[in-house]
Amino acid sequence: MSTTAGRSPDRRENPRWPGRGAFPYVREVILPGFRHRPGVHCGSTALADALRVRGLDVTEAMAFGLGAGLGFYYLDSPLLSPSRLFIGRQWPLEETACQVLGAPFAVRTENDPGRAWEGVRAALGRGLAPVLSTDLRFLPYWKTASPFNGHRVVLAGHDEALGVAFLADTEREALQEVPLEDLERARASDGQPLGFTGRLWMEIDAPPGPVDWRAAVGDALRRQARHMLLGQDGYVGISALERFAADVPHLHELARDEADRAWCFRFAYQCIERRGTGGGNFRLLYARFLEEAAAHHPAVSALGLPARMGAIAAGWTRLANSFKDLSGRAGAGAPDDVAALARELAAGERRFLEDVAARVTG
């Protein structure tokens, strides 16, 4: 049974049809008008895809920036692996972007698997592209045993007779064919870093009228500054980044053992340069947003924000490469120049955000 309508795409006419030649037949299963545009980060790519099918075509970078996507969460616990880790994006990115745009949205959870599946099928039937929270280790095309259950994908369609869903996922150009039982496992995961999230999904619509881009960009910039500057507990925002920078010279001593020390440095490298960040701990993606935003808000150019954020992103990449090197050197701690770079990045981000908070108005 299909929840969508319209002429089925012809695989012979579309060389990017998912799983070319893999289906015994093609049915009316893909949401009409759905177009996936590959990106670098799962959340912002999914957000842009979901808005595009509803008529608002924005780049991934614009989606990320409107969501005030920069963040810094620093966690330390002997129960974690590694025992000290950080995440460089703000968690409610998608919700924030919808608020800034005035776009209707709903965040839904459902403990019952049958009702959870009916919920996303119903959204497809209304012409929405549901954004699903999944654990990528249960998505077969990832071919990984590493848990990460905060991974966002878009449900573009399904076929009950074949028992498959078609997912749009970040940098992959083609839609991915996933057995429904694997998708259920991915949605039901209680793995790291979030635990069980209740089969979370988002339903996103386009704004009901034209977007006031100056107001939207200004609002997003101010939200970004508030999010990063208000937290003072050392776990969220600039205070977390400053605590992390203070710990960098001592990470080799704070780790549980040699294996954890190496993993702390290696994972830090991955969280800055890989794992869907787009490079530079998401700061390079944010710099691309600022380059676009300069056409909509005069303060962006007046404060030199794109170049400043580009320099910050480059600094994060240098730090990541140092961490990668340290991970392969037994017992090594961060030398003075690496520790100094971490402190400079924290200070540079604070100055950037304080300038935005003080000088960006409506």
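The values are calculated or read from the model by the stated rules, or taken from the named source; none is laboratory data. It should be emphasised that the depicted structure is a prediction, and the values quoted were computed from it without experimental measurement. Please note: Cβ atoms are built from the backbone with ideal geometry, for glycine as well, and neighbour counts cover all protein chains shown. The accessibility values were calculated without ligands, DNA or RNA, using every heavy atom of the protein model including side chains. Shrake-Rupley method; radii C 1.70, N 1.55, O 1.52, S 1.80 Å.
Considering only protein heavy atoms, with the full assembly of protein chains and a 1.4 angstrom probe, order 143, 324 by accessible area, largest first.
Values: 143 175, 324 85 Å².
The ordering from most to least exposed comes out as 143, 324.
Keeping all protein chains in place and using 1.4 angstrom, which order do 112, 260, 247 fall into by accessible surface area, from largest down?
On the way: 112 55, 260 5, 247 30 Å².
Accessible-area ranking of 112, 260, 247, largest first: 112, 247, 260.
Ordering 73, 235, 286 from largest to smallest accessible area (1.4 angstrom probe), what's the sequence? Mind showing how you got there, number by number?
Details: 73 45, 235 105, 286 0 Å².
Ranked from most to least accessible, the order is 235, 73, 286.
Grab the Cα-Cα distance for residue 232 and residue 295, subtract it from 0.36 nm times how many residues apart they are, and report the gain in nm with one decimal. Intermediate values should be presented prior to the final figure.
On the way: separation 63, 0.36 × 63 = 22.68 nm, distance 3.33 nm.
Gain in length upon complete extension: 19.3 nm.
So what's the net charge close to residue 107: Lys and Arg +1, Asp and Glu -1, counting the other residues with Cβ under 9 Å from its Cβ?
Numbers: positive: 108; negative: 94, 95, 203.
Within the 9 Å Cβ shell, the charges total -2.
Report the FRET efficiency, 1/(1 + (r/R0)^6), for residue 254 and residue 126, where r is their Cβ-Cβ distance and R0 is 41 Å, rounded to 0.05.
Numbers: r = 50 Å, r/R0 = 1.22.
It comes to 0.25.
What ³J(HN,Hα) values, in whole Hz, does the Karplus curve 6.51 cos²θ - 1.76 cosθ + 1.60 give for segment 50-66 when θ = phi - 60°, with x put for Gly and Pro?
5, 6, 4, 5, 9, x, 10, 9, 10, 6, 4, 4, 5, 4, 5, x, 5
May I ask you to evaluate 6.51 cos²θ - 1.76 cosθ + 1.60, the Karplus curve with θ = phi - 60°, for each residue of segment 213-220 and list the ³J(HN,Hα) values in order in whole Hz, giving x for glycine and proline?
5, 4, 5, 5, 5, x, 4, 5
Over the chain, with every protein chain in place, what whole percent of the accessible area is carbon and sulfur at 1.4 Å, could you tell me? Before the final figure, lay out the partial values.
Details: 7780 of 14920 Å².
Exposed carbon and sulfur together represent 52 percent of the surface.
Per 20 Å bin, what is the whole-percent P(r) computed from every C-alpha pair distance within the chain?
In whole percents, the pair-distance histogram is 29, 55, 16, 0.
Can you give the three extents of the C-alpha atoms in segment 122-242 along their principal axes, from longest to shortest, in whole Å?
Its Cα atoms span 50, 39, 26 Å along the three principal axes.
Taking only protein heavy atoms into account and a 1.4 Å probe, give the accessible area per residue of the chain in Å². Let's see the in-between values first.
On the way: 14920 Å² over 362 residues.
Value returned for the chain: 41 Å² of accessible area per residue.
Per residue, how big is the convex hull around the C-alpha atoms of segment 86-129? Give it to me in cubic angstrom, could you?
Working: hull volume 4.3 nm³, N = 44.
Given the Cα convex hull of segment 86-129, per-residue volume reads 98 Å³.
What figure in square angstrom, to the nearest 10, would you give for the accessible area of residue 251 with a 1.4 Å probe?
Counting only protein heavy atoms, the figure is 10 Å².
Would you tally the net charge around residue 225, using a Cβ to Cβ cut-off of less than 13 Å, leaving residue 225 out, and scoring K and R as +1, D and E as -1?
Its environment carries a net charge of +2.
Using label points projected 7 Å from each Cα along Cα→Cβ, tell me how many nm separate residue 311 and residue 81, to one decimal.
4.1
Using a Förster radius of 22 Å, what is the FRET efficiency between residue 35 and residue 143 based on their Cβ-Cβ separation? Nearest 0.05, please. Can you show the working numbers first?
On the way: r = 26 Å, r/R0 = 1.18.
Here the calculated transfer efficiency is 0.25.
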